[in-house]
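Participant: Please read through the structure below; I'll follow up with questions.
The values are calculated or read from the model by the stated rules, or taken from the named source; none is laboratory data. This one's a predicted model, so the numbers in the text were calculated from it and none came from an experiment. Cβ placement follows ideal geometry from the backbone for every residue including glycine, while neighbour counts extend to all protein chains displayed.
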Amino acid sequence: MSKVVVIGAGPAGMMAAGIAAKSGNEVILLDKNDKLGKKLFITGKGRCNVTNASDIEDFIENVPGNGHFLYSAFYTFTNQNLIEFLNELGLQTKVERGNRVFPESDRASDVIDALEKFIKMQKVRVKLRSEARKIYKNNDQFIIEINKGDAIKCDKLIIATGGCTYQATGSTGDGYRFAKDFGHTIVEPKPSLVPLVTKEDWVKGLQDLNLKNVCVTLMKNEKKIYEDFGELLFTHYGVSGPVVLSSSRHLVDVDLSKEDVRLIIDLKPALSFEKLDDRIVRDFQKFANKNFINSLDELLPKKMIPVIIDLSRINQEKKVNQITKEERQSLVKLMKNLTITIQKTRPINEGIITAGGVSTDEINPSTMESKLVGGLYFAGEIIDVDGYTGGFNLQIAFSTGYVAGSE
């Protein structure tokens, strides 16, 4: 029997601790917070998108940050394994649009309760309000100095401290410092799945407008770098929502102060240019004697109408039956290519996930053990891996935690 210490009581840490204890080890789970799963509690707007029901091969494609590294972990502990694991702990799940998997209750707290039940069943010793200050190795043992001058010794150490986003939940980058002290390379942490700040003033007028079923195309210097379909949210500073957050992953290494980056929104992706033109023709015939400003109610959200009218440069008081074919077709083009300029991302602390972290070149993908230090393991967001929205990042946490705890 080995003595194992896991630092970080998020999804990766709780999974690793429970699995390590299930294998017969003496396990201590440390966290500087006063409760388990503090960041997990706010994921998915408090609903907790635990995983995705897509095929495992699709998981690799949905992890633009070193997805290939996770091949073994994803197949060792799959999304289906996770769903069955949670079901056995009394947590039922459901699948929603985009194959997103949520607890039936829509409560992240129920996921935390299930994981707490698991680690209690395995007799994991949990030490909250216990911040690891310094870690070093003496012969074959790790020494973890924690607050109040205490020190804990162990044979195996699993670091699952998360990244450096949502710092109020305890993700302050401590694990990077520990890894660096052991000689590991840290790929510069940057925000991923982060809202975007836009240049155009008219965006602010759409604050809190949530558009569903739109298509977005991210362009860099006139070259398409990403495309997505789903929900977009306008904010006081720019844009957010699932399609924007996933788009932002492709700006991690882009200098937005030097590059021309634009987000093009297709407000009616289900209709081709011609079909949308036909639809507007029918609406214009229906509202022939009305002013232009009163002709778009059946086509656009109320909040968006004045913005589109302003951008179309068609006089809002113009009678619909006086609008020319050229004006109408420019309106169609606008609705299919609503373009905004991206100035910057929001701060790293507002990112849902951190891109960067401990280099995957220095971690064994089959075990999550350090290639530099025997007995040292990593799990979750601290590793330089990150996925799109949709449950992929939590599956990364659970799968890597499972593998790290199994060794």
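Participant: Enumerate the pairs (first residue in segment 346-362 and at positive phi and surrounded by 18 or more Cβ atoms within 10 Å (Cβ to Cβ); second residue anywhere and in a loop (DSSP other than H, G, I, E, B) and at pLDDT 95 or above) with beta-carbon separation below 8 Å, excluding pairs fewer than 6 apart on the same chain, so at least 6 apart or on different chains.
Facilitator: G356/D384; G357/D384; G357/V385
Participant: Within segment 292-302, identify whether any single residue is among the small types (G, A, S), in contact with a helix residue (DSSP H, G or I) (Cβ under 8 Å, 6 or more places away or on another chain) and either in a helix (DSSP H, G or I) or over 22 Å from E231 (Cα atoms) (or both), and answer yes or no.
Facilitator: yes
Participant: Of the residues G183, G170, which is modelled with pLDDT under 95, not assigned by TED's automatic domain parsing to the domain that holds L299 and not basic (K, R)?
Facilitator: G170
Participant: Here is a further query. For segment 356-368, check the following and say yes or no: at least one residue is over 30 Å from D260 (Cα atoms) and either assigned to a strand (DSSP E or B) or outside the structural domain of H68 (by TED's automatic domain parsing) (or both).
Facilitator: yes
Participant: Can you pull out every residue in segment 20-38 that is surrounded by 23 or more Cβ atoms within 10 Å (Cβ to Cβ), at negative phi and either in contact with a helix residue (DSSP H, G or I) (Cβ under 8 Å, 6 or more places away or on another chain) or of a type in the set (F, W, Y) (or both)?
Facilitator: Once the filter is applied, which keeps residues that are surrounded by 23 or more Cβ atoms within 10 Å (Cβ to Cβ), at negative phi and either in contact with a helix residue (DSSP H, G or I) (Cβ under 8 Å, 6 or more places away or on another chain) or of a type in the set (F, W, Y) (or both), segment 20-38 yields A20, A21, V27, L29, D31.
Participant: Among the residues that make up segment 243-261, is at least one of them among the aliphatic types (A, V, I, L, M), crowded, with 17+ Cβ neighbours inside 10 Å and in contact with a helix residue (DSSP H, G or I) (Cβ under 8 Å, 6 or more places away or on another chain)?
Facilitator: Yes; the residues of segment 243-261 include at least one that is among the aliphatic types (A, V, I, L, M), crowded, with 17+ Cβ neighbours inside 10 Å and in contact with a helix residue (DSSP H, G or I) (Cβ under 8 Å, 6 or more places away or on another chain).
Participant: Out of the residues in segment 314-328 that are of a type outside the set (A, V, I, L, M, F, W, C) and touching a residue at least 24 places away in the same chain (Cβ under 8 Å), which is nearest to A288 (Cα to Cα)?
Facilitator: Checked segment 314-328; the qualifying residue nearest to A288 (Cα to Cα) is N321.
Participant: Has segment 364-378 got at least one residue that is at positive phi and under 12 Å from the mean Cα position of the chain (by Cα)?
Facilitator: No, there is no match, as no residue in segment 364-378 is at positive phi and under 12 Å from the mean Cα position of the chain (by Cα).
Participant: Under 7 Å between Cβ atoms, at least 6 apart or on separate chains: pull out the pairs that start in segment 203-226 with a residue that is over 17 Å from V243 (Cβ atoms) and end on any residue that is of a type in the set (V, I, T).
Facilitator: G205/V307; Q207/T235
Participant: Report, ordered by the first and then the second residue, all pairs with beta carbons closer than 6 Å, sequence separation of six or more or different chains, a first member in segment 56-69 that is assigned by TED's automatic domain parsing to the domain that holds N81 and surrounded by 16 or more Cβ atoms within 10 Å (Cβ to Cβ), and a second member that is in a helix (DSSP H, G or I) and of a type in the set (S, T, N, Q).
Facilitator: Partner pairs satisfying both residue conditions: N66/T360; F69/T360.
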